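Trainee: Let me give you the structure first, and then I'll get to my questions.
The values are calculated or read from the model by the stated rules, or taken from the named source; none is laboratory data. All of these numbers come straight from a predicted model, not from anything done at the bench. No Cβ is skipped: glycine too gets one built from the backbone with ideal geometry, and neighbour counts run over all protein chains shown.
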Amino acid sequence: MDDIMMQQISGRSAEDVRSFVRSGKWTGPTSGLAKGYVQANLVILPVDWAFDLLLFCQRNPRPCPVLEVTEPGDPEPKGLARGADIRTDIPRYRVYRDGVLAGEPTDISDLWRDDLVSFLIGCSFTFEGALLDAGIPVRHIEMGVNVPMYITSLKCRPAGKLSGPVVVSMRPIPAGMVPRAVSTTSLFPLVHGAPLHIGEPGEIGIMDLSRPDFGDTVEIRRGEIPVFWGCGVTPQAALMASKPPFAITHSPGHMFISDRKDSEFSVF
């Protein structure tokens, strides 16, 4: 069914994809959908934690580039997609209570409160179209799975009540194409930009690439090098470490698709 639905929504506009998501017809990962439109990670926190998250993102811009912050209680991300609803327009969410995962609903309308502030954070899915246009393979899209993500030994700069490790996404790149991948993604600084690490995963505390902390395992072929980019799941790792009483995020790989174009976030 997912393959059939993927064919139906492939090539649709961001607004069309959000409509499918809102109706419950699509609950899967969003990589490869609405090509050309910016995708974003989500963190929702009560207002008394919101400044700490804003400062955390400011101090850790590579994994946590902020695209928009909503007013308390307002579910419409007006700067990225007027008319969208952050409560319904993401395929799957994660609800955390005291830092512990308490559920993965596909609609959070019944959990919404007037004191909640939504943060939309840049996602590396945004530069995948540029990678493909440059002739660089994107393995998780080829395989039809979620991008693999790993908690590293790298530490974020803490901010207020929030601290935690850096999370990275990984894409295997043919060795001869690595420089092109670096130069291509460096043109998108607001959606993670250039890689944080290239090559030996153990140098950043990743012991087994076949066991991602989030997402799915992908094939690494002979002659390919693992390349790691900052990941917007980093705030989720901070939430798990810092344990706010209540928080909502996207489920890793299940992004908000905005009406803004990738080209708007390129420095080229």
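Trainee: Enumerate the pairs (first residue in region 109-136 and free of Cβ contacts under 8 Å to residues at least 24 places away in the same chain; second residue anywhere and hydrophobic (A, V, I, L, M, F, W, C) and not in a helix (DSSP H, G or I)) with beta-carbon separation below 9 Å, excluding pairs fewer than 6 apart on the same chain, so at least 6 apart or on different chains.
Mentor: Leu132/Val138
Trainee: Exactly one condition in (1) in contact with a strand residue (DSSP E or B) (Cβ under 7 Å, 6 or more places away or on another chain); (2) under 24 Å from Ile90 (Cβ atoms); (3) surrounded by 16 or more Cβ atoms within 10 Å (Cβ to Cβ) is not met by Phe188; state its number.
Mentor: Exception for Phe188: condition (1).
Trainee: Next question. Six or more apart or on different chains, Cβ atoms under 6 Å: show the pairs whose first residue is in region 184-201 and closer than 12 Å to Thr126 by Cα and whose second is part of a helix (DSSP H, G or I) and polar (S, T, N, Q).
Mentor: Filtered contacts from region 184-201: Val191/Thr126; His192/Ser124.
Trainee: Additional query: Of everything in region 141-150, what is surrounded by fewer than 22 Cβ atoms within 10 Å (Cβ to Cβ) and in contact (Cβ under 8 Å) with a residue 40 or more places away in the chain? Give them in sequence order. Walk me through how you get there before you give the answer.
Mentor: Here is the first cut: in region 141-150, the residues surrounded by fewer than 22 Cβ atoms within 10 Å (Cβ to Cβ) are 141-145.
Within region 141-150, Ile141, Met143, Gly144, Val145 qualify.
Trainee: Here's a follow-up. Taking the conditions exactly as written (outside the structural domain of Pro195 (by TED's automatic domain parsing) and farther than 23 Å from Leu116 by Cα), does Asp85 satisfy them or not?
Mentor: Numbers: outside the structural domain of Pro195 (by TED's automatic domain parsing): yes; farther than 23 Å from Leu116 by Cα: no.
Judged against the criteria, Asp85 is not a match.
Trainee: Of everything in region 135-173, what is part of a strand (DSSP E or B), of a type in the set (Lys, Arg) and in contact with a Lys or Arg (Cβ under 7 Å, 6 or more places away or on another chain)? Give them in sequence order.
Mentor: So the first thing to find is which residues in region 135-173 are part of a strand (DSSP E or B), and the list is 149-155, 159, 162, 165-173.
Filter once more, so that each one left must be of a type in the set (Lys, Arg): 155, 171.
If the condition is that a residue be part of a strand (DSSP E or B), of a type in the set (Lys, Arg) and in contact with a Lys or Arg (Cβ under 7 Å, 6 or more places away or on another chain), then Arg171 is the only one that fits.
Trainee: Hey, another quick one. For region 109-122, does any single residue satisfy the condition of being buried (at least 20 other Cβ atoms within 10 Å of the Cβ), hydroxyl-bearing (Ser, Thr, Tyr), outside the structural domain of Phe228 (by TED's automatic domain parsing) and farther than 27 Å from Val138 by Cα? Quick ask: steps written out before the conclusion?
Mentor: Residues of region 109-122 buried (at least 20 other Cβ atoms within 10 Å of the Cβ): 116-122.
Next, from what is left, pick out any that are hydroxyl-bearing (Ser, Thr, Tyr): 118.
Within this subset, residues satisfying the condition of being outside the structural domain of Phe228 (by TED's automatic domain parsing) are 118.
Right, trim to farther than 27 Å from Val138 by Cα and you get 118.
Yes, some residue in region 109-122 is buried (at least 20 other Cβ atoms within 10 Å of the Cβ), hydroxyl-bearing (Ser, Thr, Tyr), outside the structural domain of Phe228 (by TED's automatic domain parsing) and farther than 27 Å from Val138 by Cα.
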